[in-house]
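Peer 1: Before anything else, here's the structure in question.
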Amino acid sequence: MRHVQALLTRELAAYFLGPMAYFVLLAFQVIAFLNFWDLIDSLSIPQREFSTLKDPMSSYISSSPSFWIAILAALPVLTMRLMAEERRSGTIETLLTLPVREYEVVLAKWLAALVMYVALLLPFAIYLPFLYRQAGFYFDLGPMLGLAIGLGSMGMMMTAVGLFFSTLTRNQIVAAIWTFAVFFVLVAIAPLFYVYAVRQHAPWADAVRFLALLYQVQGFALGRLDLRVVALHLSIAVFMLYATTLVLANRDNRA
Amino acid sequence: MIEVDRLTKRYGTIRAVAGVTFSVGKGEVVGLLGPNGAGKTTTMRMLTTYLAPTSGRATVAGRDVLDEPLEVRRKVGYLPENVPLYPEMRVREYLRHRAVLKDVPRSRRRQATASVVSRCRLGDVENRIIGQLSRGYRQRVGLAEALLHDPEVLILDEPTSGLDPLQIREVRDLIVELGEERVILLSTHILSEVEAVCGRVVVIASGRIVLDESLEEMHGKPTIMVEARGPADAIRGALETMPEIEQVTRLERDGEYALAELAPLGDADAREAVGLRLSSRGFPIRRLDQRRSSLEERFTEVVTRDALSSARREGH
């Protein structure tokens, strides 16, 4: 475990020594700014009818298409490099012949991706204190906290999935595409399946609804802290990290 | 220090390394030679615990590569073939980072990095970004990294490939210096390099060891080359009748000069006698030197023999 810190520092440095991290961070800052602008806009329009009443806070993050599109694109970009680049450049050979255990490498790389993921979401959080104190819009803190927990556990799961795909290949693009595909199915395709299942009165509709990441996160944003979902995310994360360690520790065919 | 016993690595149906056995003792510098694809890199990768052998055993510094990989890694400094490094890091930063991962104690890290930097002459580029360094410097950074934790065993895969002649010389000198107190196993394609730094050669061809011999043994019998002015037949006669000379193995005419290759009897240096004999017979000498049976000849011989025998095996 004592090597994790040194490995993590290098991974984070590698993010910031290339242009990609700044690019992604800037894009998220812009999206957070635009969404906040929208939020202020919609708050200044008095709502007259209950039928169109919606929670303005949910359109800020959890129901915002631009947020989801951005996170769908950014997360695979953050994780694709982690192991694939080491394999492509051959540095994996020197890395895995150091007196370092494979799980230390996996843990450090996953933590680095997680730190970057949190850094992406921070711009959204930065605006909230201003809204609360300066503008005097006293939104509920509970749902916001729930959303933070939900986005956090989703991030843990998806970075672990991304790291796993990055370990399977030496081509970053392939890793990114696989991660994106899984993420896209969970976020965008699953709700479509749910809608279809409901129309067909299929018995599996509820299962799809439970698994759809979009609905999970929206639930958190409404203040439903569903621990089953958190447990699901965390157990998938642990399983993926374990699988990654197994792939990395397999010395039979590395070439 | 390195014990390899019937080590085999199979990829599907291909046997990359087929039952290799050899050992390297303390204070030895051994050259691993062989044509491309012979299994040199695979053997080295198994010794550094990067790959697991399909069968057979290997121990490095008394530790089994399969049972105690972490202990082996602690004892081995490894320089892979294409010197993979992190291009975005600075040299000093990279070495510090590696020192931590190699468990160099905190109090000794500064000293350890400084010592490999001076040893590999990296002082000028310490603060430069690795990606911008020339091939020669990168090679030295790789070597410095391998030496950081002062390993007992060094495994170097083609340590001088891609270097210019001056750099090759520097790296060779460094290897000779390091070999005094360590065990070094290095692979190369440059035969003169083996002669310059190694005490022993192990030649691998198609996954098997075809030669394992110390350079001293190999150099056993010398050849004398002499070039003198005069009729070739007369020169042959003068040389053949000498008691020190077993036979004239080759005689060539070159204008009014004759070039003769002689096999002397026994181990004694017969050059002086040859010189005296020719000048006393009135043949002025233009060149006179002694050559040991070269590694190149032996290498070509064993590798061709292997190629022939494997072709015959496949013919069956």
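Readers should treat all values here as calculations from the given coordinates under stated rules, not as data from a laboratory. The structure displayed is predicted, hence computed values, not measured ones. Here Cβ is always computed from backbone atoms with ideal geometry, including for glycine, and neighbour counts include all displayed protein chains.
Peer 1: Only Cα pairs under 8 Å and at least 6 apart count here; give the relative contact order of chain A as a rounded whole percent.
Peer 2: Values: 263 pairs, mean separation 65.4, N = 255.
About 26 percent, as a whole number.
Peer 1: Let me spell out the model: positive unit charges on the Cβ of Lys and Arg, negative unit charges on the Cβ of Asp and Glu, origin at the Cα centre of the stretch B:2-217. What dipole size does that give, in debye rounded to 20?
Peer 2: Values: 32 positive and 30 negative charges, 187 e Å.
Using only the charged Cβ atoms, the result is roughly 900 debye.
Peer 1: Kindly give Rg over Rh for the stretch A:138-250, based on alpha-carbon atoms, with the Kirkwood expression for the hydrodynamic radius. Walk me through the numbers before you get to the answer.
Peer 2: Working: Rg = 15.9 Å, Rh = 15.2 Å.
Using only Cα positions, Rg/Rh for the stretch A:138-250 is 1.04.
Peer 1: Can you give me the distance in nm between label points at B:LEU276 and B:ASP64, each placed 7 Å from the Cα along the Cα-to-Cβ direction?
Peer 2: Result for the modelled spin labels: 6.3 nm.
Peer 1: When only alpha-carbon atoms are used, what values of Rg and Dmax, in angstrom, describe the stretch B:222-292?
Peer 2: 10.6, 32
Peer 1: Let me ask something else about it. Is there a simple number for the mean count of other chain Cβ atoms within 10 Å of the Cβ of residues in A:245-251, and what is it?
Peer 2: Details: counts 0, 0, 0, 0, 2, 1, 10.
Across A:245-251, the average partner-chain Cβ count within 10 Å equals 2.
Peer 1: Long-range amide H contacts for B:ARG286: which residues qualify at under 5 Å (H placed 1.01 Å from N, peptide plane, sequence gap of 5 or more or a different chain)?
Peer 2: The list, which skips near neighbours in sequence, is B:GLU227, B:ALA228, B:ARG229.
Peer 1: List the pair-distance distribution P(r) of the protein assembly as shown, using every Cα-Cα distance, as the percent of pairs falling in each 20 Å bin from 0 up to the bin containing the longest distance, rounded to whole percents.
Peer 2: Per 20 Å bin, starting at 0, the Cα pair percentages come out as 17, 36, 26, 14, 5, 2, 0.
Peer 1: Filter A:LYS109/B:LYS102; B:LYS9/B:LYS40; A:LYS109/B:LYS40; B:LYS75/B:LYS102 down to the pairs with a C-alpha to C-alpha distance above 21 Å, please.
Peer 2: Details: A:LYS109/B:LYS102 18 Å; B:LYS9/B:LYS40 11 Å; A:LYS109/B:LYS40 32 Å; B:LYS75/B:LYS102 10 Å.
Correct reply: A:LYS109/B:LYS40.
Peer 1: Working from Cα positions, state the angle (0 to 90°, nearest 10) between the long axis of helix B:106-119 and the longest principal axis of chain B.
Peer 2: Compared with the principal axis, the helix lies near 30 degrees.
Peer 1: Mean separation of Cα pairs under 8 Å and 6+ residues apart, divided by the residue count of chain B: what relative contact order is that in percent?
Peer 2: Details: 605 pairs, mean separation 58.4, N = 316.
Contact order relative to length: 18 percent.
Peer 1: Also: How big is the dipole moment of the stretch B:222-292 about its Cα centre under a simple scheme where the beta carbon of each Lys and Arg is +1, that of each Asp and Glu is -1, and everything else is neutral? Debye, nearest 20, please. Mind showing how you got there, number by number?
Peer 2: On the way: 11 positive and 13 negative charges, 37 e Å.
Its charge dipole is roughly 180 debye.
Peer 1: Residue by residue, what Karplus-based ³J(HN,Hα) values in Hz, rounded to whole numbers, does the stretch A:155-172 have, using 6.51, -1.76 and 1.60 with θ = phi - 60° and x for Gly and Pro?
Peer 2: Calculated HN-Hα couplings, in order: x, 4, 5, 6, 5, 5, 5, x, 4, 4, 5, 5, 6, 7, 9, 9, 9, 4 Hz.
Peer 1: Extending each Cα 7 Å along its Cβ direction at B:SER118 and B:ASP5, get the distance between those two points in nm, one decimal.
Peer 2: 4.3 nm
Peer 1: Now a separate question. Which whole number gives the average, over all residues in B:73-84, of C-beta atoms from other chains lying within 10 Å of the residue C-beta? The partial results should precede the final answer.
Peer 2: On the way: counts 5, 2, 1, 2, 1, 4, 1, 6, 2, 3, 3, 9.
Rounded to a whole number, the mean comes out at 3.
Peer 1: So what J values fall out for the stretch A:182-198 if you push phi through Karplus, 6.51 cos²θ - 1.76 cosθ + 1.60 with θ = phi - 60°, rounded to Hz, Gly and Pro as x?
Peer 2: Ordered by residue, 3J(HN,Hα) equals 5, 4, 5, 4, 5, 8, 9, 7, 4, x, 5, 4, 4, 4, 4, 5, 5 Hz.
Peer 1: Another question, if that's okay. Which whole-number percent gives the relative contact order of the stretch B:10-81, counting Cα pairs below 8 Å spaced six or more residues apart? Could you put the intermediate results ahead of the total?
Peer 2: Details: 55 pairs, mean separation 16.2, N = 72.
Normalised by residue count, the contact order of the stretch B:10-81 is 22 percent.
Peer 1: Provide the gained length on full extension for the span A:ASP252 to A:TYR132, in nm with one decimal, where the gain is 0.36 nm per separating residue minus the Cα-Cα distance.
Peer 2: Working: separation 120, 0.36 × 120 = 43.20 nm, distance 5.70 nm.
Additional length available on full extension: 37.5 nm.
Peer 1: In square nanometres and to one decimal, what's the mean projected area of the convex hull around the Cα atoms of chain B?
Peer 2: 21.3 nm²
Peer 1: For peptide A:85-96, how many partner chain Cβ atoms fall within 10 Å of a residue's Cβ, on average?
Peer 2: Working: counts 1, 2, 0, 1, 5, 6, 6, 3, 10, 14, 5, 5.
What the average comes to for A:85-96 is 5.
Peer 1: Among B:ILE235, B:TYR50, B:LEU262, whose Cα sits farthest toward the positive end of the charge dipole of chain B (+1 at Cβ of Lys/Arg, -1 at Cβ of Asp/Glu, about the Cα centre)?
Peer 2: B:TYR50
Peer 1: Further question: Taking the 0 to 90 degree range and rounding to the nearest ten, how far is the long axis of helix A:102-129 tilted relative to the main principal axis of chain A, both from C-alpha atoms?
Peer 2: 20 degrees
Peer 1: Suppose we keep just the DSSP beta bridges with both residues in the protein assembly as shown; what percent of those would be antiparallel, to 5? Could you put the intermediate results ahead of the total?
Peer 2: Details: 42 of 59 bridges.
Antiparallel bridges: around 70 percent, rounded to the nearest 5.
Peer 1: Let me ask something else. For a protection proxy built on the mean count of beta-carbon atoms within 10 angstrom, sort A:128-135, B:191-198, B:45-52 highest first, please. Could you put the intermediate results ahead of the total?
Peer 2: Numbers: A:128-135: 12.4, B:191-198: 19.6, B:45-52: 24.1.
Per-residue mean Cβ counts within 10 Å order the peptides as B:45-52, B:191-198, A:128-135.
Peer 1: In nm, to one decimal, how far is the modelled label at B:ARG106 from the one at B:SER192, with both set 7 Å along Cα→Cβ?
Peer 2: That separation, rounded to one decimal, is 5.1 nm.
Peer 1: I've got another one for you. Using unit Cβ charges (K, R positive; D, E negative) and no other charged atoms, how large, in debye to the nearest 20, is the dipole of the stretch A:4-249 about its Cα centre?
Peer 2: The dipole magnitude comes to about 200 debye.
Peer 1: Going by amide H atoms built from the backbone, whose H comes under 5 Å of the H on B:ILE204, apart from near neighbours?
Peer 2: The list, which skips near neighbours in sequence, is B:LEU33, B:GLY34, B:VAL210.
Peer 1: Helix B:271-280 versus the longest principal axis of chain B: what is the Cα-based angle in degrees, 0 to 90, to the nearest 10?
Peer 2: It is inclined by approximately 30 degrees.
Peer 1: Rounded to the nearest 500, what is the 222 nm mean residue ellipticity of chain A from helices alone, with -39500 (n - 2.57) per DSSP H run of 4+ residues and division by all residues? Mind showing how you got there, number by number?
Peer 2: Details: 12 runs with 193 residues, N = 255.
For chain A, the value works out to -25000 deg cm²/dmol.
Peer 1: From the gyration tensor of the Cα coordinates in the stretch A:4-249, what semi-axes in whole Å does the equivalent ellipsoid have, largest first, with each one equal to sqrt(5λ)?
Peer 2: On the way: eigenvalues 236, 99, 45 Å².
Taking √(5λ) for each Cα gyration eigenvalue gives 34, 22, 15 Å.
Peer 1: Something else now. Per DSSP H run of n ≥ 4, the term is -39500 (n - 2.57); total these for chain B, divide by its residue number, and report the mean residue ellipticity at 222 nm rounded to 500 deg cm²/dmol.
Peer 2: Values: 11 runs with 119 residues, N = 316.
Only helices count here, giving -11500 deg cm²/dmol.
Peer 1: Report the calculated FRET efficiency for B:ALA268 and B:ARG236 (r = Cβ-Cβ distance, R0 = 22 Å), to the nearest 0.05. Don't skip to the answer; put the middle values down first.
Peer 2: Working: r = 22 Å, r/R0 = 0.98.
So the FRET efficiency works out to roughly 0.55.
Peer 1: While we're here: Provide the per-residue ³J(HN,Hα) series for the stretch A:136-141, in order, calculated from phi with Karplus coefficients 6.51, -1.76, 1.60 and θ = phi - 60°, each as a whole number of Hz, with x at glycine and proline positions.
Peer 2: Along the stretch A:136-141, the couplings run x, 8, 7, 6, 5, 7 Hz.
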